[in-house]
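*Asks:* Would you mind keeping the following structure in view while I ask a few things?
FYI, it's all coordinate maths here, none of it is from the lab. Since the model is a prediction, treat every value here as computed from it, not as a measurement. No Cβ is skipped: glycine too gets one built from the backbone with ideal geometry, and neighbour counts run over all protein chains shown.
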Amino acid sequence: MITTDAFYIPVPLPMGPDAKRDIRTLSEMHEFLSGWPCVRISPSYEAARRTCSAARAGRLSVEQARRALLTFSQSADFLGSKQPLALHAGK
């Protein structure tokens, strides 16, 4: 049986005026969430992090993790924000 950590549909996150980062896999999601600044941690961040970990361990689906990342990005207003993610993440 072949398993994959790839999302069916990537989650786009703004990185600058004309740039975005597509999160395409659980590994990329984990990397992104691991770099999130401690001062910006929220309940939706914690839910996304827990869901990502559970999906990586095979306890939840990749789609559940993707939806958690979408929820987190919406609560942090990445998808509707005029500011790039780099400003949200303090990078």
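*Asks:* Give me 72, 7 sorted ascending by neighbouring Cβ count inside 10 Å, so fewest comes first.
*Replies:* With the fewest neighbours first, 72, 7 line up as 7, 72.
*Asks:* What order do you get for 63, 28 when you list them from fewest to most C-beta neighbours inside 10 Å?
*Replies:* Lowest to highest Cβ neighbour count: 63, 28.
*Asks:* Kindly put 66, 24 in sequence by how many other C-beta atoms sit within 10 Å of each C-beta, fewest to most.
*Replies:* If I rank by nearby Cβ atoms, fewest first, I get 24, 66.
*Asks:* In whole Hz and in residue order, list the ³J(HN,Hα) couplings for segment 19-36 that follow from phi through the Karplus curve 6.51 cos²θ - 1.76 cosθ + 1.60, θ = phi - 60°; x for Gly and Pro.
*Replies:* Going residue by residue, I get 10, 9, 10, 8, 8, 10, 9, 4, 4, 5, 4, 4, 4, 4, 5, 5, x, 6 Hz, with x marking Gly and Pro.
*Asks:* Residue by residue through segment 56-70, which ³J(HN,Hα) values in whole Hz follow from phi under the Karplus form 6.51 cos²θ - 1.76 cosθ + 1.60 (θ = phi - 60°), with glycine and proline marked x?
*Replies:* Result, ordered by residue: 5, 8, x, 8, 10, 7, 4, 5, 4, 5, 4, 5, 5, 5, 4 Hz.
*Asks:* Hey, another quick one. Would you please give the residues with an amide H less than 5 Å from that of residue 7, counting only those at least 5 places away or on a separate chain, with H modeled from the backbone geometry?
*Replies:* 25, 26
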